[in-house]
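What follows is a single structure, written as structure tokens, with notes after it.
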Amino acid sequence: MRTPTRRTVLGAALAAAGTGLLTACSSGSDPMSGMDHSSMDRSPMTGSPSPAGFVAPNGPEVAAAEARRKPGPERKVALTATETTLDLGGRTVRSWAYGDRLPGQEVRATVGDTLALTLANHLPQPTSLHWHGLALRNDMDGVPGLTQDPVRAGASFDYRFALSHPGTYWFHPHSGVQQDRGLYAPLIVEDPKEPLRYDREWVVVLDDWVDGVDGSTPDAVLAELAKGMGDMGGTGGMDHSGHGMPGMSGTPAAADGPSRMLMGATSPLLGGDAGDVAYPFHLVNGRLATAPETFTAKPGDRIRLRLINAGGDTAYRVALGGHELTVTHTDGFPVEPATTQALLLGMGERYDVLVTAKDGAFPLTALAEGKNAAALAVLRTGAGAPPDASTRPAELDGRLLTAGQLRADPAVRLPDRAPDRTVALELTGGMARADWAFNGRRYDPAQRHPVAAGERVRLEFRNSTAMWHPVHLHGHSFALGVGGPRKDTAIVLPGTTLAVDFDADNPGLWMVHCHNVYHAETGMMTVLGYRA
């Protein structure tokens, strides 16, 4: 089977707009760019020669790097991706998920283990698994057309790699817009020498939901957004982001279900435009705010919350009513503890926080930033009426801590060093033409920004668009400034430049992309390639 690129998948989505289902594989020309992909590099997993001048995902350099991680005992897991009916709390939807759960069953292992997970694909199209935030061997990173062949419908694939760093991670497909269905789950890598002291742990997964609601699918949403908004009849009143006219209506309907194109959503925290998609639901651990999950504890318990934003297009501002949050980690790495009342999580970001539980029932509210909606869960330690879906704790408008204010724990701080190489990545495009890209060029897996093993690399993200973007680097963590926190996903506000540094110590071909799934699928992705 020919390996599809992400852009040919997008072309298939547009061609199949009325079906809500992506074409599994395609060949020939790409309707988005006119580029013929018939002679492009195939995935090294197919046995074709290594990409010229670059380390192959299954090359000897990758095997050597894995050996240095000293893989330990196997943690065996069987996972099935399947079509199923999900109960969101009084509202059932047909979707795709891992088993019959939302989120999928948490995978928990210990640092030093070898994760041996078999994915069985019972979906009607190819899929994959990306291990978000992990520094792992390149041929297990789960990007079809770049690091592996897609896992065909009816087939299975064995993911096997060492877990080299503890922390809060998650996994999801890197195939089309499948992540915006129910295909995601937490991955918790425990530290046997964990320095934190706490009594209970609560894994909290946030998500925006559209699949199966009034006939909508993420593929139909992609098809609608990918048409762009043009100049709205020549009015000229819209900026390049396509969101310059708040409250505007009359946008074209999606192929399946009602129009999900969002207009007029703004947030000062996000620098203006808040998002592209009008989601009907927002969830905590797969539950609607009208039927929230309740986490029980005792007054005085010290609770570790592991917060994960698995959304497709939504930043969440999170607060626990009546409590302060002590931030201990972000994106899996420890930070110098810092207290706050609220946190902002872009898609793909994770924060670990500690709270000392008070007596009563308290709302854990995740405000869909700029979208006039919220998700809810409940912390209960005693008597009291449960908070309802409309609850907005005062802490949401209190002190808000951002990643740039944090300092890395000294044990994981990236040593101060001048960069050997700077890779300039300008974030370009907008919703008007659905031309999201880096440096004005939509994703092409054959284009690789070269880096060399052993280098200190600076990624310089300059956001020339009118919208915020959560940028994600595969296979590595970067530092936000000298002494700043180690992260793999960071928000770049419109009109700003964010420079992050990482050490090139994990050879292969690694994706860099916006973690807004619709921006990525319309082109805002690129590749860093290690020179052979």
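Is there a residue in the stretch 151-168 that is open to solvent by less than 10 Å² (accessible area, probe 1.4 Å), out of contact with any strand residue (DSSP E or B) (no Cβ under 6 Å at 6 or more places or on another chain) and more than 20 Å from residue 333 (Cα to Cα)? Within the stretch 151-168 (the criterion being open to solvent by less than 10 Å² (accessible area, probe 1.4 Å), out of contact with any strand residue (DSSP E or B) (no Cβ under 6 Å at 6 or more places or on another chain) and more than 20 Å from residue 333 (Cα to Cα)), the answer is no, since none of the residues qualifies. Scanning the stretch 322-357 for residues that are small (Gly, Ala, Ser), buried (at least 19 other Cβ atoms within 10 Å of the Cβ) and not in a strand (DSSP E or B) gives 332, 346, 348, 357.
Matching residues to (1) within 24 Å of residue 364 (Cβ to Cβ); (2) in a strand (DSSP E or B); (3) out of contact with any Phe, Trp or Tyr (no Cβ under 8 Å at 6 or more places or on another chain); (4) at pLDDT below 95:
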residue: 396; (1), (2), (3), (4): yes, no, yes, no
residue: 422; (1), (2), (3), (4): no, yes, yes, no
residue: 443; (1), (2), (3), (4): no, no, yes, no
residue: 446; (1), (2), (3), (4): no, no, yes, yes
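For the stretch 275-321, the set of residues classified as closer than 12 Å to residue 368 by Cβ, open to solvent by less than 10 Å² (accessible area, probe 1.4 Å) and among the charged types (D, E, K, R) consists of 313 only.
Annotation: residue 87 fulfils all but one of (1) free of Cβ contacts under 8 Å to residues at least 12 places away in the same chain; (2) in contact with a helix residue (DSSP H, G or I) (Cβ under 9 Å, 6 or more places away or on another chain); the unmet one is (2).
Table: residues versus (1) surrounded by 24 or more Cβ atoms within 10 Å (Cβ to Cβ); (2) among the β-branched types (Val, Ile, Thr).
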| site | (1), (2) |
| --- | --- |
| 180 | yes, no |
| 183 | yes, no |
| 193 | no, no |
| 203 | no, yes |
| 207 | yes, no |
| 215 | no, no |
| 218 | yes, no |
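One residue stands out among those in the stretch 90-134 that are among the basic types (Lys, Arg) and assigned to a strand (DSSP E or B): the one that is farthest from residue 188 (Cα to Cα), which is 94. Applying a threshold of 7 Å to beta carbon distances and a minimum spacing of six or more residues, or different chains, the list of pairs starting in the stretch 358-380 at a residue that is closer than 18 Å to residue 303 by Cα and ending at one that is assigned to a loop (DSSP other than H, G, I, E, B) and among the acidic types (Asp, Glu) reads 377/293.
Of everything listed in (1) over 20 Å from residue 169 (Cα atoms); (2) open to solvent by less than 40 Å² (accessible area, probe 1.4 Å); (3) of a type in the set (D, E, K, R), the single unmet condition for residue 397 is (2).
The values are calculated or read from the model by the stated rules, or taken from the named source; none is laboratory data. What you see is a predicted model, and the numbers here were worked out from it, not measured in a lab. A quick note on method: Cβ atoms are made from the backbone with ideal geometry, for glycine too, and the neighbour counts reach across all protein chains shown. Calculation scope for accessible area: heavy atoms of the full protein, side chains included, ligands and nucleic acids excluded. Shrake-Rupley method; radii C 1.70, N 1.55, O 1.52, S 1.80 Å.
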